[in-house]
Structures are given as structure tokens and as C-alpha cells.
Amino acid sequence: GTPASKSDKTVTLKIDGFDVTVPAGTSVMRASALAGIDIPKLCASDNLEAFGSCRLCVVEIEGRRGTPASCTTPVADGMVVKTQSPKVQKLRKGVMELYISDHPLDCLTCAANGDCELQDQAGIVGLRDVRYHPKQTHFNVRQNGEANPQFIPKDDSNPYFTYDPAKCIVCSRCVRACEEVQGTFALTIEGRGFDSRVSAGAAGDDFLSSDCVSCGACVQACPTATLQEKSVIEMGTPTKSVVTTCAYCGVGCSFKAE
Ligand code: FES
């Protein structure tokens, strides 16, 4: 969920009735995961600083108003957290419904089908129907053949991956991975509100002409098919993986050095 705390001090709190002791500075999300309770999430990840933008991880905390994001809320001694109350379940479902209402419903032909966090999390929060049916999704081609003034084409310029703004949920994981994992600042969020989108470098740049070094950290971080390896698009997702023990090839001959 969120990076581990390095603090030596510990804090004890109650999560869904269970006493949990974790290092001070741990997020409520991580403390829950350590207690075996996975809170739905989209913008959080184990290796990126918490960002708190997707609002899927909301919880209730006794004595606090509102429903804070568990990924950005640190634990405190004596805190009492509810992660599965009807209120937060309803909120998460509503948030997910809004995400899906602006997402192309092409899962069956999407390269990320079966390997998509948006798809997984929609199932986890129990979303079955979407009440909002726009004529088109934002940034995408219109289904009825009309021109879409907001249409932004896919960026195919990088030799290794594609960027499809129509599938982006603006979780900023790619932007943060570029900065925090790679130490490059090739990506930014451009525009505001509904018009915000990931952009490579200055306006008008594509990925190839930006500062991107093709490290793949952004593709790895993306929870949808917005950033997608070209090999996966062409060949599909892997159906098996091979564990290799030697560093020289990926054949998986299980050669063991003595
Ligand atoms: Fe906490 Fe996105 S996972 S706000």
C-alpha cells in the first residue's frame, strides 16, 4: 500500500476490532494490510510516497470528522479505525463508478485485461452497474462518429511502450515513479480538473522527444493500460513465467552454479 516506516517507536491501534502494533509513522493503509485487511486503492503503491488522490481508500476513524484517506493518514496510539463500514463501502463504490463512467469499456479487447488494477478494484468494491453513460469517454474517439474536440491520440513515439490518455485515471503513479524511482522529471500533470492529463515534458512534446529515458518505471507503476508495453499489446499478457537461476538468459534452464 504505502512505503514502510523506519521508526523504532511503535503504536497500537484497533482496526476492525483487531489490535495492531506497527512502527510509528506507518499509514493506516499499511497497518491494515499488516493485519491482513486490504483496503481498496488505486493511487497508492508500496514503493511510492502516498499521494491521497484517488479517494478509494477512505476509512472511518472514531472521533474524527469525515472519511480520511487511509494511505495518507498515519497511525496514532489508541486510534479506532473502521475499514469496511457501510458508509465507506458506499463512498468507494461511488468513486469507482465515476472512474468507470469516463473509462473506455473495452476490457475484452484491452491488452491489460486480467492484469488491470482498475478492473480488479472495481470488482473488489462491488461495482456492477454504472449509472452514467456519456456518449463518449473524455479524450477518446466518439462512439457515434462525431468529432470530439477534446480527442487526444495515443502517443506511440516511444519504441517500448504506448501512452493512451483515454485510459488514464490521473493517479500520478507514473509521474511519481519517474521522479522517485528513476530520478528523472520527464512527466507532469497538465491541465486542471476533468481536463488534467499526464504529459511528457513541455507542451507539444511526445515521450520520445521528452526527457524520458525509457526505464519503464512509469509503465510498471500504471494501474491501467494507459502506459502499456508494446510487446504486451502485440503478444498479449504472459500466460506463464519461468524462474531462472542464472543471470545470463531468460530461458530458465535451472542451471545452478556450485
Ligand atoms: Fe489512498 Fe488513493 S489509495 S487516496
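Where a number appears in this text, it was derived from the coordinates with a stated rule and is not lab data. Quantities reported herein were computed from a predicted structural model and do not represent experimental measurements. Quick reminder, even Gly has a Cβ in these numbers, built from the backbone with ideal geometry, and neighbours come from all protein chains shown.
Numbers below:
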{"item": "Full-stretch length increase - Leu108, Ile189 - with 0.36 nm per residue and alpha-carbon distance subtracted", "result": "26.3 nm"}
{"item": "Förster radius 41 Å - calculated FRET efficiency between Gln89 and Asn148, Cβ distance, rounded to 0.05", "result": "0.75"}
{"item": "Mean Cβ count within 10 Å, highest first, over the residues of peptides 123-130, 48-55", "result": "48-55, 123-130"}
{"item": "Listed residue pairs exceeding 20 Å between alpha carbons, taken from Lys14/Lys82; Lys14/Lys87; Lys41/Lys93; Lys14/Lys93; Lys14/Lys90", "result": "Lys14/Lys93; Lys14/Lys90"}
{"item": "Separation of the Val181 and Thr12 label points, Cα + 7 Å toward Cβ, nm", "result": "3.8 nm"}
{"item": "Contact order normalised by residue count of the range 45-120, Cα under 8 Å, 6+ apart, percent", "result": "26 percent"}
{"item": "Distant-in-sequence amide H partners of Ile15 (H built 1.01 Å from N, under 5 Å)", "result": "Val20, Val81"}
